[in-house]
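Reviewing the structure listed below.
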Amino acid sequence: MSNESVDKGLTKTRRGVFSRITRMMTAKRKIDEDLLEELEEILISGDVGVDTTLHLIDHIRKRVKKEGYETSDEMYAIIRQEVQDLLIAPPHQEISEKPFVMLVVGVNGTGKTTSIAKLGYHYKQLGKSVLLAAADTFRAAAIEQLDLWGERIGCEVIKHQSGSDPAAVVFDAIQAAKARQTDYLIIDTAGRLHTKVNLMNELQKIRRVIERQIPDAPHEVVLVLDAGNGQNAISQAKQFIESVQTDTIFLTKLDGTAKGGAVLSIKQKLGIPVKYIGVGEKMDDMELFDPQSFVQSLFLKE
Ligand code: GDP
Ligand code: MG
């Protein structure tokens, strides 16, 4: 069930943190407070987050006592299981309405535009029609970047001039997607404006424009987070989620960081499922998140 590109994408996280756990567990050490403390320290150093680490250690300690384990190799399976329990399986949505509208939000530089290209490419590969909307009108470069991706993956991009009203771009994009019966409309948004309040107001306005034309839309609001920010990405997400209703998370740049353990605290801290992960800069460097194969990759022996 393990997946090669996830294995590769998680190399740094695995080498930095999880292979230490694997070594510790397979060494048949006696289970005592020292061992649990060491495990705790490894998890915290891997940006799993203090609360989540304590929660995990607490569960493991109770199970060791109850189930009577004595050496670390016996504990290995329960660690993997407890880690998997920290992850939420993403929803499996069947697209029932055309267009299926995806609104993509997140701070600048987290990888929004690249991730939109990956999503577009993914759906194109499945034989679906995809339209992209360049509603990050704050910077001219952002429109050009999406346009270039659109060309590469063979998707039309609805755009206006830079500085124009993003809600108007979204309005046009929805009209176009409805008229053409497009399967997916994926909307890029700004990640920074003059102030945070401006940004949140703009995202709410975009949402209203979408809802007015398609009452059930947006069908999925995707928050893009950079895994390299570790626990900071989680605090950043909290701020976004407070103002913008969010359905799923696209976690990017797992390939470039040893802080992938931050994924483990997402359920406890945010309660929103990671649905997509980014493991590189190319259009096919995206995977649908699967808790089981993710845990398998984390604990892969190499
Ligand atoms: P935006 O400002 O949120 O739209 O971010 P961009 O899409 O422009 O991406 C910012 C940078 O992150 C670019 O250099 C991307 O190539 C890079 N990037 C995005 N996703 C990934 C990923 O999964 N892995 C790696 N290594 N780089 C990524
Ligand atoms: Mg962008």
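Listing for the model above:
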{"item": "Flag for Ile79 being among the β-branched types (Val, Ile, Thr), within 30 Å of Ala27 (Cβ to Cβ) and modelled with pLDDT under 95", "result": "yes"}
{"item": "Residue under evaluation Ile42, criteria (1) open to solvent by 10 Å² or more (accessible area, probe 1.4 Å); (2) out of contact with any Leu (no Cβ under 8 Å at 6 or more places or on another chain), criterion not met", "result": "(1)"}
{"item": "Selected residue [within 22 Å of Lys259 (Cα to Cα) and either assigned to a loop (DSSP other than H, G, I, E, B) or open to solvent by 80 Å² or more (accessible area, probe 1.4 Å) (or both)] from Asp51, Asp7", "result": "Asp51"}
{"item": "Options Lys238, Lys259; residue that is within 16 Å of ligand 1 (Cβ to nearest atom) and either among the charged types (D, E, K, R) or open to solvent by 70 Å² or more (accessible area, probe 1.4 Å) (or both)", "result": "Lys259"}
{"item": "Yes/no for Ser96 being free of Cβ contacts under 8 Å to residues at least 12 places away in the same chain and more than 16 Å from ligand 1 (Cβ to nearest atom)", "result": "yes"}
{"item": "Considering residues of region 145-159 that are within 14 Å of ligand 1 (Cβ to nearest atom) and of a type in the set (D, E, K, R) only, the residue surrounded by the most Cβ atoms within 10 Å (Cβ to Cβ)", "result": "Asp147"}
{"item": "Yes/no for Ala167 being over 30 Å from Asp255 (Cα atoms) and surrounded by fewer than 23 Cβ atoms within 10 Å (Cβ to Cβ)", "result": "yes"}
{"item": "Positions within region 262-302 being in contact with a helix residue (DSSP H, G or I) (Cβ under 8 Å, 6 or more places away or on another chain) and open to solvent by 50 Å² or more (accessible area, probe 1.4 Å), in sequence order", "result": "Gln268, Lys269, Glu281, Met283, Asp284, Gln292, Leu300, Lys301, Glu302"}
{"item": "Yes/no for Asn229 being part of a helix (DSSP H, G or I) and open to solvent by 60 Å² or more (accessible area, probe 1.4 Å)", "result": "no"}
{"item": "Residue within region 183-191 that is within 25 Å of Ala140 (Cα to Cα), in contact with a Gly (Cβ under 9 Å, 6 or more places away or on another chain) and assigned to a loop (DSSP other than H, G, I, E, B) present", "result": "yes"}
{"item": "Condition check for Met24: at pLDDT below 95, in contact with a Leu (Cβ under 9 Å, 6 or more places away or on another chain) and either at positive phi or not β-branched (Val, Ile, Thr) (or both)", "result": "yes"}
{"item": "Pairs with Cβ under 7 Å, 6+ apart, first in region 127-150 and of a type in the set (Ser, Thr, Tyr), second modelled with pLDDT under 95", "result": "Thr137/Ser162; Thr137/Gly163; Thr137/Ser164"}
{"item": "Residue that is nearest to the chain's Cα centre (by Cα), among those in region 250-302 that are part of a loop (DSSP other than H, G, I, E, B) and within 16 Å of ligand 2 (Cβ to nearest atom)", "result": "Lys253"}
{"item": "Counted residues, region 170-214 - those being more than 16 Å from ligand 1 (Cβ to nearest atom), of a type in the set (A, V, I, L, M) and either in contact with a helix residue (DSSP H, G or I) (Cβ under 7 Å, 6 or more places away or on another chain) or open to solvent by 20 Å² or more (accessible area, probe 1.4 Å) (or both)", "result": "9"}
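Conditions tested, residue by residue: (1) of a type in the set (Ser, Thr, Tyr); (2) buried (at least 23 other Cβ atoms within 10 Å of the Cβ); (3) more than 16 Å from ligand 1 (Cβ to nearest atom); (4) in a helix (DSSP H, G or I).
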| site | (1), (2), (3), (4) |
| --- | --- |
| Asp58 | no, no, yes, yes |
| Tyr69 | yes, no, yes, no |
| Leu87 | no, no, yes, no |
| Pro91 | no, no, yes, no |
| His122 | no, no, no, yes |
| Ile143 | no, yes, no, yes |
| Gly163 | no, no, yes, no |
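The values are calculated or read from the model by the stated rules, or taken from the named source; none is laboratory data. Bear in mind the structure is a predicted one, so any value in this text is a computation, not a measurement. So basically every Cβ, Gly included, is an ideal-geometry build from the backbone, and we count neighbours across all protein chains shown. Each accessible area value is taken on the protein alone, full model and side chains, heavy atoms only, with ligands, DNA and RNA left out. Shrake-Rupley method; radii C 1.70, N 1.55, O 1.52, S 1.80 Å.
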